[in-house]
Each structure stands twice: as structure tokens, then as C-alpha cells.
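Computed from the coordinates by the stated procedures, all read-outs in this text should not be read as laboratory data. Because the structure is a prediction, the values reported are computed rather than measured. Virtual Cβ from ideal backbone geometry, glycine too; neighbours counted across all protein chains shown.
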Amino acid sequence: MNFLTILPLAVVMVAGTQLVVAVFLASSDRPRAASLGFLAGAGLVVGAGVTVSWVLTRLVGGLATAANCRTLPHGTVDTYGGTGQK
């Protein structure tokens, strides 16, 4: 498949859904409330997705840091694999 064959499919995938949503929102009984509800829902989904991603990143980062650290005999934590001496 060449670029000119795929381009219309990509346009329909991206713009098609937005056009359908715009028609549904504009033709509803209360378009302002429907639009605000749509935006609020999108904001909640994006906020939840970012929050979950942040928590998972912090969790995995903490596990990776804990795996790279070791406690030396005199109680210092060595994070770089050295001798722990200053």
C-alpha cells in the first residue's frame, strides 16, 4: 500500500469521529450542557490516565532504585556500586 492509499483512511480515523461527535453535540436538546459534559469527561479520563502513569512510574522507579542500592557494613547506602568511601 502506498501513502495515497492510506491517507484517506487516516483522515477518516482522525477527523471522522470528531465530526460525528460535533454533529451529535450540536444537534442535542442542550448543546452547551452536552459539550461541557463531554469536556469534563475527557478531562477526567486524561487526568486519571496521567495519574495512573505517574504512580506506576514512581513505583517502578522506586523498585529500580532499591535494586541498585546496597547497605555497606558501616550503615551507608551505596547507590553507585563503589566502596562507600568519601
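With the cut-off at under 20 Å, measuring from each backbone N in region 30-60 to a point 7 Å along the Cα-to-Cβ line of THR17 picks out 34-53.
Derived scalar couplings between HN and Hα for region 27-37 equal 9, 6, 5, 10, x, 5, 5, 5, 5, 5, x Hz in order, rounded to whole Hz, by the Karplus curve 6.51 cos²θ - 1.76 cosθ + 1.60 (θ = phi - 60°), x for Gly and Pro.
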